[in-house]
1. Hey, any idea what Rg/Rh is for the range 45-139, computing Rh the Kirkwood way over Cα pairs?
2. Please list, ordered by chain and number, the residues whose modelled amide H lies under 5 Å from the amide H of K65; skip anything fewer than 5 residues away on the same chain.
3. If you take the beta carbon distance between Q124 and H56 as r and set R0 to 30 Å, what does 1/(1 + (r/R0)^6) give as a FRET efficiency, to the nearest 0.05?
4. Within 10 Å, count the other beta carbons around each residue, average over each peptide in 124-131, 93-100, and list them highest first.
5. Which whole-Hz ³J(HN,Hα) couplings does the range 122-134 yield from phi under the Karplus relation 6.51 cos²θ - 1.76 cosθ + 1.60, θ = phi - 60°, glycine and proline marked x?
6. Considering every pair of different Cα atoms, what Kirkwood radius, in Å, is found for the range 85-139?
Amino acid sequence: MLLHSNPGRPHSLSPLQADRSQPETESMAGGKMRKQKPSRGAAGSSNHYQGGIQFHKSKGQHILKNPLLVDSIIQKAGINSIDVILEIGPGTGNLTKKLLEARESVIAVELDPRMVLELQRRFQGTPHSNRLKLNEGLL
Ligand SMILES: C[S@@+](CC[C@H](N)C(=O)[O-])C[C@H]1O[C@@H](n2cnc3c(N)ncnc32)[C@H](O)[C@@H]1O
């Protein structure tokens, strides 16, 4: 979910909702995608993998695959460079990356420590890292 601080126009947009119109998603994180056979968890929810991370649908871990969809989310959110974005659940950071490239300041809160690690790996030492505040936790 994406929230941004535009005083005149409070707005939220859920990538999860946007994603449902797309086929099953699973790619595009920092490295190359390794395709593996999906498995079924004990609760019956299917999981899938990307770059060695197993995603849990029960936690809403549907990763944005299509860069055009990411662009469209950013465009529809109507954000601009003076906004501070609160991104709830950045996952592996595909949307985060585009936001940072668009010179946005991002506060990202992610409940899954594995994703937090992936985000740290992905953004640490990049030119954008000073505009990203990463927090592990539940919102
Ligand atoms: C749809 S995925 C993120 C997709 C991501 N935006 C992308 O660009 O690929 C949702 C993420 O939100 C996290 N999440 C779910 N509920 C949360 C909560 N209440 N607080 C923080 N993170 C949460 C999940 O662990 C998951 O990584």
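Read-outs throughout are calculated quantities, based only on the coordinates presented, and are distinct from any laboratory measurement. From a predicted model like this one, the values you see are computed outputs, not experimental measurements. So basically every Cβ, Gly included, is an ideal-geometry build from the backbone, and we count neighbours across all protein chains shown.
1. Ratio of gyration radius to Kirkwood radius for the range 45-139: 0.95.
2. So K65 has HN proximity to E26, S27.
3. 0.75
4. 93-100, 124-131
5. 6, 10, 4, x, 8, x, 8, 4, 6, 9, 10, 10, 9
6. For the range 85-139, the Kirkwood estimate is 10.7 Å.
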